[in-house]
Amino acid sequence: MRLDPPFLASARVLAAGELDTLFAALAARGYETLAPGVRDGVIRLVPASGAAELPAGMHDRQAPGSYALEDGGDGELFGYAVGPDSLKGQLLPPHQSVLRATPDEGGLRIEPAPTEAARVAVVGARPCEVAATTVLERVLIGGAYPDPGAAARRKALFVVALECRRPATTCRCTSFGTGPGLEHGADLVMIELDPPPKRGGDPGAHRFLVRAQSPAGAEVLAALPTSEATRRDADRRRDALGAATRAIAASSNPEVVARGLLGHIEAPGWEEIASRCLSCGNCTMVCPTCFCTEVRDRSDLSGTLERERRWSSCFEVGHSLLTSGPVRRSVAARYRQWATHKLATWQTQFGTTGCVGCGRCVTWCPVGIDLGAEAAALAGTGAASRRGTT
Amino acid sequence: MTNASSAPAGTPVLVPLAYRVVARRHETADVTTLRLSPVADAVAPGRPGQFNMLSAFGVGEAAISLSAAPDATGEVQHTIRDVGPVSHALCTSAPGDLVGVRGPFGTDWGVDDLGYGDTVVVAGGIGLAPLAGAIDVLAERRRYGGGRVFVAVGARNPDQVMLRAELGRWLAAGVRVRVTVDAAPAGFTGGVGLVTQLLPGLGFDPARTTALVCGPEVMIRFSVRALVDLGVPPGAVRVSLERNMQCGTALCGHCQLGPLLLCRDGPVVTWNDELATLLTENER
Ligand SMILES: Cc1cc2nc3c(=O)[nH]c(=O)nc-3n(C[C@H](O)[C@H](O)[C@H](O)COP(=O)(O)OP(=O)(O)OC[C@H]3O[C@@H](n4cnc5c(N)ncnc54)[C@H](O)[C@@H]3O)c2cc1C
Ligand code: SF4
Ligand code: FES
């Protein structure tokens with residue numbers, strides 16, 4: 001990793017013992033703060049008011065179809081990779097109201113759902129999900145019809161990203177250029193340096209190297225009790241990111257995979273994957289860029305109706321429903337839609353890739369289908385990888 | 001073809017404007033034409049080939065094409081086949097009833113650059129509705145010396161022939177209209193057979209023809225093949241395609257056809273090899 005001279009100029013050091021000042025600074029600016037927390041044995045994004053609530057010493061073990069947390073007994077505060085939550089939920093809530101309409105003397109009063117957003121800060125977002133947020137912004141806000149709710153929520157969102165020291169076996173950010181370090185896209189970006197080997201151990205060396213990546217981030221950073229970063233701090237970061245980079249497995253070249261997939265639309269491998277795929281849609285739900293939504297009306301006896309927009313998935317048969325029936329009737333066609341959309345057609349539609357290599361779809365697939373491995377195999381020979389766990 | 005225009009800043013893109021049904025015409029047993037007039041604010045005038053998202057409040061929304069070119073009344077016209085909950089509620093709404101309108105969305109037939117050479121319009125079933133506004137414009141142009149216009153209409157049976165008033169008007173303006181049905185009772189004097197069988201006899205000059213095609217996807221594929229076989233350049237064929245649509249604004253992901261988002265890049269698309277491949281691949 002190259003070290004620009006401006007790097008040191010922009011980086012500050014925050015002692016781990018002072019992390020509460022960050023939470024306080026965010027609260028003082030009206031942000032509700034979400035941070036990693038353990039729920040049901042999984043790292044989720046949960047409301048947090050201070051560093052004491054962070055899952056100290058917790059480390060994740062992720063593999064196709066499996067996720068487990070173990071307590072390492074150490075003092076590392078962010079020693080895990082991504083959980084099932086991502087920033088997607090902040091831009092595009094799983095359920096949102098579109099409008100309410102109430103009967104009104106022979107007519108209807110149509111009230112658009114408010115699009116103002118409360119300020120939310122997320123502490124501990126990973127570089128790949130910051131990249132995913134940029135992708136989602138393109139889709140939801142960058143087109144001819146910007147989603148006003150998403151635009152308002154994006155504006156009200158403050159992201160404190162954590163660069164990764166402990167990637168999971170499912171992480172593929174290096175192949176997509178989305179991690180383990182982060183050069184832009186967050187408000188603040190931090191990396192944890194020298195966490196104590198034992199919880200409650202000497203916190204002396206435990207600190208965060210913090211940089212601002214936006215004016216709002218710079219303003220918050222200026223309010224924190226930081227000190228100047230030294231060349232040694234910068235070296236520690238470089239070494240940690242270097243080790244993480246080496247630990248992350250490479251996946252095949254995304255451009256080669258994209259072309260190969262589109263050249264194998266009717267290959268037999270899709271059927272083979274479909275024989276394992278449960279078509280549950282978990283992959284699309286945990287995907288930080290999947291944006292599909294459906295719109296449904298509900299009305300009550302008084303005649304008041306509520307129109308709701310909610311997440312949907314191309315694994316549902318109804319996703320492609322026409323009067324003549326669903327277009328993508330078979331599981332093979334639905335799996336192919338997901339894989340080709342993420343890895344190939346997204347590029348034409350939105351000018352970016354739809355996959356950031358976060359690995360969530362691999363971990364949370366109940367049968368452990370590895371999208372990257374399957375796509376590489378299909379793109380190469382048209383056959384599936386036969387690496388599934390069932 | 002012209003692209004969809006952007007929404008004014010701050011418009012809640014998924015919230016419809018209130019319109020009232022001002023006229024209703026039953027076309028066939030299951031097809032109804034509605035004229036809708038704005039209660040207060042109106043949507044921007046659309047171009048033939050574009051669609052609106054129509055709300056039957058409490059039931060849901062559906063993508064429905066404009067079935068007439070915009071006129072001075074500010075009303076919008078839609079021709080709807082009753083096939084499910086939303087379309088049923090729309091078809092059975094009566095004058096005075098409220099309907100929500102958002103739009104117009106998507107690409108259009110690009111009629112502005114037509115009417116110099118020949119134009120062939122091929123419609124199957126409800127597919128005539130999205131084409132009607134374009135034929136209106138071309139028929140008017142024909143009346144004042146514009147290019148020749150040929151319309152081939154396919155319907156399941158004689159009772160399913162819709163937009164009869166329009167068909168008569170187009171004939172009167174000098175448009176060559178031919179109708180064929182899949183099956184007819186004894187005594188029916190019109191054509192029986194596939195709409196593609198009408199094409200060789202229409203008398204257009206393939207090399208200077210632009211074709212506009214809308215109908216069921218198989219019908220579109222066979223019609224394009226027949227047109228190209230007759231010598232119409234593939235790039236002179238425009239088709240209107242359909243996928244599930246939940247938003248019309250490139251936000252919901254449901255209208256994908258491979259690399260296309262049909263609410264944004266369609267519904268009207270110029271024929272090319274890539275499109276031909278997409279439509280022959282199974283379950284795209
Ligand atoms: C660009 C475009 C233009 C159209 N123009 C017309 C027109 O001018 N006249 C007309 O009669 N019909 C038109 N349709 C088809 C019309 O949108 C569907 O018939 C209608 O959505 C069916 O909804 P439903 O609730 O009545 O029926 P159901 O089939 O019960 O629908 C249930 C759900 O499935 C979805 N769905 C079902 N069929 C379709 C479909 N064909 N397209 C999109 N979503 C569907 C809807 O989201 C609906 O909520 C058009 C479709 C598109 C995409
Ligand atoms: S992969 Fe499927 S659910 Fe995800 S954005 Fe694409 S179509 Fe939607
Ligand atoms: S209809 Fe929603 S993206 Fe096209």
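Here are some notes:
- Members of the range B:80-122 that are of a type in the set (D, E) and either within 13 Å of chain A (Cβ to nearest Cβ) or within 17 Å of B:M53 (Cα to Cα) (or both): B:D82, B:D97, B:D108
- Taking the range A:10-29 as the range and being charged (D, E, K, R) and loosely packed, with under 15 Cβ neighbours inside 10 Å as the test, the residues that pass are A:D20, A:R29.
- Selection from the range B:230-263 of residues that are in contact with a Phe, Trp or Tyr (Cβ under 8 Å, 6 or more places away or on another chain), open to solvent by 10 Å² or more (accessible area, probe 1.4 Å) and facing chain A (nearest Cβ under 9 Å): B:A250
- From the list A:A156, A:A144, A:A150, the one residue that fits, being more than 30 Å from A:D239 (Cα to Cα), aliphatic (A, V, I, L, M) and touching a strand residue (DSSP E or B) at 6+ places or on another chain (Cβ under 7 Å), is A:A156.
- Subset of the range A:283-323 that is facing chain B (nearest Cβ under 7 Å) and farther than 24 Å from A:A101 by Cα - its residue that is nearest to ligand 2 (Cβ to nearest atom): A:C292
- Of all residues in the range B:65-87, those being within 25 Å of A:V295 (Cα to Cα) and free of Cβ contacts under 8 Å to residues at least 40 places away in the same chain number 4.
- Tally, over the range B:121-133, of residues that are within 16 Å of B:F222 (Cβ to Cβ), in a helix (DSSP H, G or I) and open to solvent by less than 10 Å² (accessible area, probe 1.4 Å): 1
- Taking residues in the range B:39-59 that are closer than 18 Å to B:G84 by Cα, and partners anywhere that are outside any strand (DSSP E or B) and away from ligand 1 (no atom under 15 Å from the Cβ), the pairs with Cβ atoms closer than 8 Å and at least 6 places apart or on different chains are B:N52/B:V43; B:G58/A:G303.
Residue-wise test of (1) aliphatic (A, V, I, L, M); (2) surrounded by fewer than 19 Cβ atoms within 10 Å (Cβ to Cβ).
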{"residue": "A:S251", "(1), (2)": "no, no"}
{"residue": "A:R259", "(1), (2)": "no, yes"}
{"residue": "A:I265", "(1), (2)": "yes, no"}
{"residue": "A:L278", "(1), (2)": "yes, yes"}
{"residue": "A:V286", "(1), (2)": "yes, no"}
{"residue": "A:T293", "(1), (2)": "no, no"}
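- Scanning the range A:206-243 for residues that are in a loop (DSSP other than H, G, I, E, B) and over 20 Å from A:D20 (Cα atoms) yields A:Q213, A:S214, A:T230.
- Pick from the range A:87-102, criterion in a loop (DSSP other than H, G, I, E, B) and open to solvent by 10 Å² or more (accessible area, probe 1.4 Å), ranking: farthest from A:H206 (Cα to Cα): A:P94
- Taking the criterion of being over 18 Å from the mean Cα position of the chain (by Cα), among the small types (G, A, S) and open to solvent by less than 20 Å² (accessible area, probe 1.4 Å), the residues of the range A:52-79 that qualify are A:G57, A:G75.
- Taking strands (runs of 3 or more DSSP E) as the structural unit, those lying wholly within the range B:20-120 and holding at least 1 residues that are open to solvent by 10 Å² or more (accessible area, probe 1.4 Å) and within 16 Å of ligand 3 (Cβ to nearest atom) correspond to B:60-65, B:98-105.
- The lone criterion from (1) out of contact with any Gly (no Cβ under 9 Å at 6 or more places or on another chain); (2) within 11 Å of another protein chain (Cβ to nearest Cβ); (3) surrounded by fewer than 18 Cβ atoms within 10 Å (Cβ to Cβ) left unmet by A:E255 is number (2).
The values are calculated or read from the model by the stated rules, or taken from the named source; none is laboratory data. Everything numeric here is computed off the predicted structure, so don't read it as measured data. We place every Cβ from the backbone using ideal geometry, glycine too, and count neighbours over all the protein chains shown. Ligands, DNA and RNA are excluded from the accessible area calculation, which covers all protein heavy atoms including side chains. Shrake-Rupley method; radii C 1.70, N 1.55, O 1.52, S 1.80 Å.
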